[in-house]
1. Does ARG38 count as closer than 18 Å to VAL115 by Cα, surrounded by fewer than 16 Cβ atoms within 10 Å (Cβ to Cβ) and among the charged types (D, E, K, R)?
2. Which pairs have Cβ atoms under 9 Å, sit 6 or more apart or on different chains, and link a residue in region 93-108 that is closer than 17 Å to VAL47 by Cα and free of Cβ contacts under 8 Å to residues at least 12 places away in the same chain to one that is of a type outside the set (Ser, Thr, Tyr) and surrounded by 17 or more Cβ atoms within 10 Å (Cβ to Cβ)?
3. So which residues in region 16-35 are of a type in the set (D, E, K, R) and buried (at least 21 other Cβ atoms within 10 Å of the Cβ)?
4. If you take the residues in region 70-110 that are under 30 Å from ALA36 (Cα atoms), modelled with pLDDT of 95 or more and among the charged types (D, E, K, R), which one is surrounded by the most Cβ atoms within 10 Å (Cβ to Cβ)?
5. Can you pull out the residues in region 17-60 that are of a type in the set (Asp, Glu) and not in a helix (DSSP H, G or I)?
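The values are calculated or read from the model by the stated rules, or taken from the named source; none is laboratory data. This is a predicted model, so every value here is computed, not measured. With ideal geometry, Cβ positions are generated from the backbone for all residues, glycine too; neighbour counts draw on all protein chains shown.
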Amino acid sequence: MEAGELLRASPALRELACFHYHQAADKALKAVIAAAGRRIPRVHDLVLLSKEAAGVVPSLETVIPLAERLNPFYIEARYPVGSPSEVAGAIAEEASRGAAIIVHEAQGALRALSVPKEHNE
């Protein structure tokens with residue numbers, strides 16, 4: 001998230017910033033899946049990862065629409081077609097907010113998973 005914030009300040013680097021936001025969300029969702037003792041899918045599809053994490057902590061279903069919006073930033077940054085595109089400031093801001101929410105919700109899910117079951121009810 002921090003790398004994304006630094007890169008977002010430069011219009012020419014906003015696409016790369018969005019890639020870093022995608023990565024932050026990816027790692028946060030994979031942390032939830034791993035904390036539940038499940039096998040981590042070897043993908044970077046945030047929709048699939050958010051659904052898998054929601055299978056562990058149902059409240060994470062709320063992040064699926066955010067995952068859908070962030071998903072393209074992995075592919076576009078990793079596998080560019082044609083000339084690089086400049087991401088508008090508003091889009092980069094939306095990506096930042098979306099990733100921050102996913103990370104925040106995943107952190108809450110990790111805390112919930114670390115509480116013993118008798119304290120969780």
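1. Details: closer than 18 Å to VAL115 by Cα: yes; surrounded by fewer than 16 Cβ atoms within 10 Å (Cβ to Cβ): yes; among the charged types (D, E, K, R): yes.
When the stated conditions are applied, ARG38 passes them.
2. ARG97/LEU66; HIS104/ALA28
3. As a first pass, look at region 16-35 and keep what is of a type in the set (D, E, K, R): 26-27, 30.
Answer for region 16-35, where residues must be of a type in the set (D, E, K, R) and buried (at least 21 other Cβ atoms within 10 Å of the Cβ): just ASP26.
4. The extreme case among them is GLU105.
5. First, the residues of region 17-60 that are of a type in the set (Asp, Glu): 26, 45, 52.
Across region 17-60, the qualifying residue is only ASP45.
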